[in-house]
Amino acid sequence: MGRWRAVGALLLRRNQLINSSSKPPCLWRRPAIVFHKASGFLNSRFFSAFPSPISIYNNDSDSGSGDVYQSYDFGTKEEEDKGKIPIKAYFLSTSIDLKGMQADNLCNVVPPTSRSTNSIALRFSDSSSGIPTLDERESVSNCRFMVVFQYGSAVLFNVDDSDVEAYLDIVRRHASGLLTEMRKDDYAVKEKPLLTEEMKGGPDYIVLKTLDTNSIRIIGSVLGQSIALDYFVSQVDKLVEEFAGINRAMEKTGTFTMHRKKLFQLVGKANSNLADVILRVGLFDRSEIAWREARYALIYEYLREEYEVTQRFGNLDFKLKFVEHNIHFLQEVMQNRRSDLLEWCIIFLLTLENILSIYEIVRESTGA
């Protein structure tokens, strides 16, 4: 009997709920279905699909504010540009006297951290005394640096456009073989101490966890090599264009006119360009700073990949092989011409000798 009474109470409760559901629903306070235990039975309430005016967020951290989304959506570009240190690379001569420059700017020379002798780094402080009073990290962020390379490149850090010529004049006083058209390249570096990695690359800049003088030397070395490689590629392009003109003339006339001295000059120019890239620029020399510490190796390899140094040297080598092939062909043609000339000279001498012999024979016979 107790069981039937429980069933009857349950059915009565269900009928009451059905009758109450026939009333006009309240859109804002419609209950949702909830399951809970009561005396061993499950009581249920109907679910409403109408939205509740109560916020779906439980607290402010979940809901967020308009300011947070605004800074995320519209502050990205501004945050990227903030704190960037501009870098300007120049290739202005074929040789720079580093010893003379170091002697004239002894108070600005940054002590070297490697045995490399093809570059020096100069630091220029904003203080009136010229002696930096801040620690290394602060001085790197607030000072101006210039890394100069013996083969003719100069890389400026944190230097305004209006002050560039003043710094380049320091280099020109010790440079030889100044170029009529100076080459330039721009880049940027940004220091972010909260960065989880040691470095992170951007479209036209690099983000470092810590910016120090070794990082400046590494960045300067890659940018200096890149701008120098650009110059030598342009020189080889001129050689390729010159030989292309010779080939087009040969296609029309079937011959070519070139002095042997001119050909030797082209040979010397091609070989000197290749030697300068490999020996003086040191395109494949090992960086001691990058070899000692892995974080500098990451920066070094990233920048070389970013500037496609290896691929560009491969293109340069391919063009030099084309020039070498044309030089070898023209040398063979000139050698054949010279051989033909010698052969004709020999034929002429033999003919002259035969004529003299016949003349002597005829004279002797007539005299007899």
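The values are calculated or read from the model by the stated rules, or taken from the named source; none is laboratory data. Treat the numbers as computed from the prediction; the structure is a model and nothing was measured. Don't worry about glycine lacking a Cβ; one is built from the backbone with ideal geometry, like all the others, and counts go over all protein chains shown. Please note that ligands, DNA and RNA were not included when accessible areas were found on the heavy atoms of the full protein model with its side chains. Shrake-Rupley method; radii C 1.70, N 1.55, O 1.52, S 1.80 Å.
Whether any residue in segment 173-195 is surrounded by 15 or more Cβ atoms within 10 Å (Cβ to Cβ), in contact with a strand residue (DSSP E or B) (Cβ under 9 Å, 6 or more places away or on another chain) and free of Cβ contacts under 8 Å to residues at least 24 places away in the same chain is what I want to check. No, segment 173-195 contains no residue that is surrounded by 15 or more Cβ atoms within 10 Å (Cβ to Cβ), in contact with a strand residue (DSSP E or B) (Cβ under 9 Å, 6 or more places away or on another chain) and free of Cβ contacts under 8 Å to residues at least 24 places away in the same chain.
For segment 46-152, which fully contained helices (runs of 4 or more DSSP H) count at least 2 residues that are at pLDDT below 50, of a type in the set (S, T, Y) and not assigned by the TED database to the domain that holds I206? Because the criterion is at least 2 residues that are at pLDDT below 50, of a type in the set (S, T, Y) and not assigned by the TED database to the domain that holds I206, the helices (runs of 4 or more DSSP H) in segment 46-152 that meet it are 60-63, 66-74. Among the residues of segment 192-218, just one is assigned to a loop (DSSP other than H, G, I, E, B) and closer than 19 Å to V109 by Cβ, namely D212. From the list V164, V189, the lone residue that is in a helix (DSSP H, G or I), under 21 Å from I120 (Cβ atoms) and β-branched (V, I, T) is V164. Here segment 272-308 is the region considered, the condition is being of a type in the set (G, A, S) and either part of a helix (DSSP H, G or I) or at pLDDT 95 or above (or both), and the residue that is farthest from D230 (Cα to Cα) is A294. For segment 246-304, residues that are open to solvent by less than 50 Å² (accessible area, probe 1.4 Å) and acidic (D, E) total 2. Checking each residue in segment 309-342 for being open to solvent by 100 Å² or more (accessible area, probe 1.4 Å), modelled with pLDDT of 85 or more and either closer than 18 Å to I278 by Cα or charged (D, E, K, R) (or both) picks out F318, K321, E324. Checked against (1) open to solvent by less than 30 Å² (accessible area, probe 1.4 Å); (2) modelled with pLDDT under 90; (3) within 30 Å of F322 (Cα to Cα), G224 passes all but a single condition, namely (2).
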